[in-house]
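Since the structure comes first, as structure tokens, the remarks are kept for the end.
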Amino acid sequence: MNYKETYNRKLLDIEGALSKIKSGDSLVVGMAAAEPVGLLSNLHLIRDKVQDVTVVSCLLLMEYEYYKYVDKQDSPFRSETWYLGNYERALFKEGKATYIPNNLHMAATDRIQAKRVNVYCGSATPMDSKGYMSLSLGNVYEKDMLERADTVILEINENLPRTHGDTVVHINDVDFIYEYNAPLIEVPSAEASEVEKKIGEYIADLIEDGSTIQLGIGGIPNAIAQFLTSKKELGVHTELMTEGVIDLIEAGVITNSQKTLWKDKCIACFVMGTQRLYDFVDDNLAVEIHRGRVVNDPYVVAQNKKMVSINTALSVDLTGQVCSEAFGPQQYTGTGGQLDMHRGAIMSEGGKAIIAMRSSVKNDTISTVVPTLTQGSFVTIPRHDVDYIITEYGVAHLRGKSLRERTLEMISIAHPNFRDYLKTEAEKLGFI
């Protein structure tokens, strides 16, 4: 079969792609580095032609003109998101966007059951001679949405890397395509501070040779990588693949040779970083991108022996309740895959689930270890699931311990400026 003819028959210009979006539609777009830059950059052009188009997104990485026309009612566009990036957060603060509570591995299926997906638009590599394209940098919910949407539109970008795993899509399964060769969105690695390096050192001490690890993005994960150079035979099973993994592979630390699942492969459900990372994953058989509902399923994660999940938090109370996504009732980011990976790690044979955070913020004026979470705070990890909490002042191992033991351990890793206060409040609360 001549798939090029099929391709040409489905090929639109950007205006044609936009014309497929109608008033009242639910439009789901690819996330992060996989977001369809062309469609989102031009979405505002149909603002006078549509009403109440709900744009469902996750961690958008660019500022788009259509944001100016987003509101909760009587507007061309509405905004719903699974995870607030900087731009979605700004809309949320203005009361123009809303958050979809979720655990990452259920985000797609929950949404599909709750509401019809009228249009899906994501990015993909150019088609090969057999009619196949790759979803490239993201498969958290993208392929699930693509399979269930009424209309599927793909943005073909020749700059995208072709990734392996469950990213393959055939031209016969797509309704329309358009070509838009935008530069890839780069997110440089954050430089680790001295405090983060100390935290990274504590975490590295807990990681044994042969462990499978999940690392996120930011100063703390970057710091951890620096202290893992003496480790051997580590594997990667992670929600997000970042540049620190390359350094550890090149240093011979990550080999994936001892993994229980997907031996010899780095497994992730999305990739975000710099061009160096995108070049690394391009046609790399040692890296596979699978659906979020598989990668982040706690029962899949748990099958990796010696699984170690490493995530961060905004605050933790003395009993071990973890808030990683909000300040009081004000949503800041999202649950993402934190609870997924955390629960998978603690169910793993020899596994460890680590929450790492600075002991204080704003020049040591605010403690991140608190007597009780601020009223209205959302609990990302319940206290009965918590395992290790780490700050620059040490490690608190809370799993299986009493309220009294937990409280004393949490006070011991708090910033010294707040320990007396925390002890006094703990006594008032009857924890000690």
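The numbers here are math on the coordinates, done by the rules we state, and not lab data. None of the values given here were measured: they were computed from a predicted structure. Cβ placement follows ideal geometry from the backbone for every residue including glycine, while neighbour counts extend to all protein chains displayed.
Some notes on this structure:
- With the simple model of a label 7 Å out from the Cα in the direction of the Cβ, Asp279 to Glu427 spans 6.1 nm.
- In segment 329-409, the GluC sites (Glu not before Pro) that fall in loop regions by DSSP, at most 14 other Cβ within 10 Å: Glu349
- Dipole axis of segment 318-405 (+1 Lys, Arg; -1 Asp, Glu on Cβ), positive-most option in Pro382, Val322, Val370: Val370
- Taking the C-alpha atoms only, the angle from helix 403-412 to the longest principal axis of the chain is near 90 degrees.
- Using the rule -39500 (n - 2.57) for each DSSP H run of four or more residues, divided by the residues of the chain, the 222 nm mean residue ellipticity is -7000 deg cm²/dmol.
- Between segment 394-420 and segment 12-52, the Cα center-to-center distance that results, in Å: 49
- Inter-site label distance for Glu405 and Gln73 at 7 Å from Cα along Cβ, in nm: 5.3
- Spin-label pair Ser129-Tyr299: with each label point 7 Å from Cα along the Cα-Cβ axis, the two points sit 4.3 nm from one another.
- Candidate lysines for bridging to Lys72, where Cα separation is under 19 Å - those fewer than 8 sequence places away on the same chain excluded: Lys22, Lys49, Lys93, Lys96, Lys115
- Ratio Rg/Rh, restricted to the chain and using Cα atoms, in which Rh is the Kirkwood radius: 0.99
- Set of segment 24-42 residues, backbone N closer than 19 Å to the point 7 Å along the Cα-Cβ line of Lys49: 24-29, 36-42
- Protection-proxy order for peptides 285-296, 193-204, 60-71, each taking the mean of Cβ atoms within 10 Å per residue, highest first: 285-296, 193-204, 60-71
- Charge dipole (debye, nearest 20) of the chain; +1 at Cβ of Lys and Arg, -1 at Cβ of Asp and Glu: 1000
- Tilt relative to the chain, helix 338-347 - C-alpha long axis, 0 to 90 degrees, to 10: 60
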